[in-house]
1. Please list, in chain and number order, the residues 5+ apart from residue 45 or on another chain whose amide H is under 5 Å from its amide H, with Hs placed from the backbone.
2. Tell me the net charge near residue 43. Cut-off is 12 Å between Cβ atoms, residue 43 excluded, with +1 for each Lys or Arg and -1 for each Asp or Glu.
3. Give me the extension gain from residue 138 to residue 179: residue separation times 0.36 nm, minus the current Cα-Cα distance, reported in nm with one decimal.
4. What spacing in nm lies between the two simple spin-label points modelled at residue 4 and residue 18, each 7 Å away from Cα in the Cβ direction?
5. Using alpha-carbon pairs under 8 Å, 6+ residues apart, how would you state the relative contact order of the chain in percent?
6. Let me check I've understood the local charge: for residue 135, count other residues with C-beta under 12 angstrom from its C-beta, Lys and Arg +1, Asp and Glu -1. What total comes out?
7. In terms of modelled amide H atoms, which long-range or inter-chain residues lie less than 5 Å from the amide H of residue 39?
8. Can you tell me how much longer the chain between residue 50 and residue 128 gets when fully stretched, taken as 0.36 nm per residue apart minus their C-alpha distance, in nm with one decimal?
Amino acid sequence: MSTFRPHVFGVDDAPFEKGQSRPVPIIGVMMESADLVESVAVGEFPVDGDLATEFLFEWVTGLRSYASLQGIVLGGITIAGLGVVDIEELARRAERPILVVTRRRPTNAQLVDALRAAGFEERIAIVERSPRASRISDGLYVAHAGADVASAARMVRATVGKAQLPEPLRIAHLMGRAIVIGESRGRV
């Protein structure tokens, strides 16, 4: 019996300052399972930018590695601050499962409050229709679109290595921090 070794693309934004004028680096790392980095990509998205779903769709599907991707892993439903990603739409358009992985069960109340305070009320509908996260192990939750919970959990588990989070996401986080700050550090 062969071991399941999915090709997963982890996406994370680099650190940024609220309200900065320059775009935020967005890092993508494609890995086979949890131990083989196959490609790295860097894009950029404006702080609190609109059309986050469209950006991710165009960026990811434009990559040479897109054809071999079996799933896309995000660390939340936002990028670059309040750029809200519609994971159902992204999964449908990209024709790949979208997995949002977190260490704690996400609650959307703070995000909704932040969107209201920033004047982005139209983005609240995306948050409200986002799939709810399922607990797949202690300290690991996944919201998913384009896959059932069993398939999503299997893909996440196959990409977890050193930390509790999928390695493609963890490495994207480390790289983003190194690009902006000069080195990576801290809990990932």
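1. Residues meeting the criterion, in which the H sits 1.01 Å from N, are 24, 26.
2. Here the count lands on -4.
3. Here the answer is 11.6 nm.
4. The two pseudo-label positions are separated by 4.0 nm.
5. 27 percent
6. Taking every other residue near residue 135 into account, the sum is +3.
7. Under 5 Å from the amide H of residue 39 lie the amide H atoms of 30, each far enough along the sequence or on another chain.
8. Taking 0.36 nm per residue and subtracting the Cα distance, the gain is 26.4 nm.
Readers should treat all values here as calculations from the given coordinates under stated rules, not as data from a laboratory. In this text, all values refer to a predicted model and were calculated from it rather than measured experimentally. Every residue, glycine as well, gets a Cβ built from its backbone with ideal geometry; the counts of neighbours run over all protein chains shown.
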